[in-house]
Amino acid sequence: MTDERSAPGTGGVLVVGGGISGLTAALEAAEVGTDVYLVERNPYLGGRVAQLNQYFPKLCPPSCGLEINFQRIKKNRRIRVYTMTEVKSVAGAPGSYQVTLATKPRFVNASCTGCDACTAACPEERANAFNFGMDKTKAIYRPHEHSFPARYAIDMDACSKCGKCVEACSYNAIELGMQPKEFTVDVNSIVWATGWNPYDPTKMTNLRFNDSEAIITNMMMERLAAPNGPTGGKILRPGDQKEPASIAFVQCAGSRDENHLEYCSYICCMASLKQISYVRAQYPEAKVYVFYIDLRTPGKYEKFREKFMADKNITFIKGKVADIIPEQDGGVTVVAENAVTGEKVKQKVDMAVLATGMEPAMKGAAGAFGVQQDKNGFIVSDEEKAMASAGCAKKAIDVVTCAQTATAAALKAIQASRR
Ligand SMILES: Cc1cc2nc3c(=O)[nH]c(=O)nc-3n(C[C@H](O)[C@H](O)[C@H](O)COP(=O)(O)OP(=O)(O)OC[C@H]3O[C@@H](n4cnc5c(N)ncnc54)[C@H](O)[C@@H]3O)c2cc1C
């Protein structure tokens, strides 16, 4: 593996996106002897799964699933990995695509050992995007504790170029003059595994995300509960760091709504139930309120839902949230109409978690590369074009289903590369 291990060759499969779906597609193709280029725009692999605290169904930390894949990638010389890299253009035809890739400078080369001397020397700080801005890193940073490759990067928007990191580095790993690169690879087929972004919570103006630090998104909750997150894993209200005695989960925040995301994001009900388990582990007596349109926990996930519905400190309210009102004491009041009783509910809580849905990362951008998309921006596999989609680039799904779609995409890509 490693970004600069070997020069690009010809043939094989390009996998765009290094989340769980892209990793799976790349490994499945490479392990049957196909050459693979895996490109990822972040400085690390793993995608959104790396940001989760635990993942269902087993509630294990993301490192247990990702680490196995990283080991397989390290061992497999058929996979060339390019981080901080995106597709710039696609030319040619199915079976013989010339894809131009653009790599942003990391400013840290492969000699980096991760010793951390540079961050101690760096005087500048930046908002930590990995933790949704809830804490800061130095301008030179490791993206997260388990990031792979385990190499640092510099955010030049925050860097003053003082050179203190260069002085502190004993390995000549820092190159402040590193330049962007472009290069072209010849491939037979392309797998799009570009995943998803959280739907922008500020678009639901009634949910007042910008008006109170007590209102967070479900992905922020993952980071708050994670041991390598901004609070070391303690769920605290951002801003005043209060231990919450009551939390509301606002389901379908933007989902199943034709003004926002018209589809169901499939995992949000499961994600909120999982997050209630995080709350329960830390605050056994906390009151939890779940506002929902209907709870969708298909198949084996039903048992998970039943367990939480039996908890006397959790109230399930069938009703779409109309408003969230910030309160003087730092909490919020959640307003909804109970669809069963017809009553107006006003529930004061210490924190509210918006279960925002998943929006395809390539929405609006994929057309430039000849990629077919449905009306919501999800990528449609196109056998004629030797382009397949995998994971949440294809539809909103959980990790297990991502692995299935990625394996299927790898098979289609291999077939196209052997025609
Ligand atoms: C709050 C929440 C909790 C969840 N919890 C669970 C859970 O417990 N269990 C579970 O099974 N699922 C869970 N999910 C769903 C899970 O996160 C997804 O199934 C999974 O992230 C999909 O993986 P992916 O590889 O398809 O996409 P991503 O994880 O989004 O990975 C896509 C990768 O592609 C990269 N990329 C995007 N565009 C480009 C480009 N143009 N060029 C290069 N690279 C690009 C991205 O940087 C990213 O690294 C949860 C989702 C949410 C919202």
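A few comments on the model shown:
- Relative to the dominant Cα principal axis of the chain, helix 20-30 is inclined by about 30°.
- Extension gain, D157-T113: 0.36 nm per intervening residue step, less the Cα-Cα distance, totals 13.5 nm.
- Between helix 62-75 and the chain: long-axis angle, C-alpha atoms, 0 to 90°, nearest 10: 0
- Fewest-first ranking of K274, K203, K318, using other Cβ atoms within 10 Å as the exposure measure: K203, K318, K274
- Neighbour counting of Cβ atoms within 10 Å sorts the residues C268, C169, C392, fewest neighbours leading, into C169, C268, C392.
- Tensor-based shape of segment 199-357 (alpha-carbon gyration tensor, a/c under 1.5 rounded, otherwise prolate or oblate): rounded
- Computed from Cα positions, the angle between helix 268-282 and the longest principal axis of the chain comes to roughly 70 degrees.
- Going from the fewest other Cβ atoms within 10 Å to the most, the residues L101, L45 appear in the order L101, L45.
- Per residue, the convex hull volume that the Cα atoms of the chain enclose (Å³): 142
- Neighbour cut-off at most 12 other Cβ (10 Å), DSSP loop, GluC sites (Glu not before Pro), segment 208-261: E258
- Phi-based couplings in Hz for segment 369-374 (Karplus 6.51, -1.76, 1.60; Gly and Pro marked x): 9, x, 8, 7, 10, 7
- Cβ-based net charge around T405, under 15 Å, with every Lys or Arg adding one and every Asp or Glu removing one: -2
- Subset of K104/K300; K203/K318; K234/K346; K136/K320; K234/K303 violating a 31 Å alpha-carbon distance limit: K104/K300; K136/K320
Laboratory data are not the source of any read-out in this text; all were calculated from the coordinates shown. Predicted model, so just to flag it, every value in this text is computed and none were measured. Note that each Cβ is placed from the backbone with ideal geometry, even for glycine, and that neighbours are counted across all protein chains shown.
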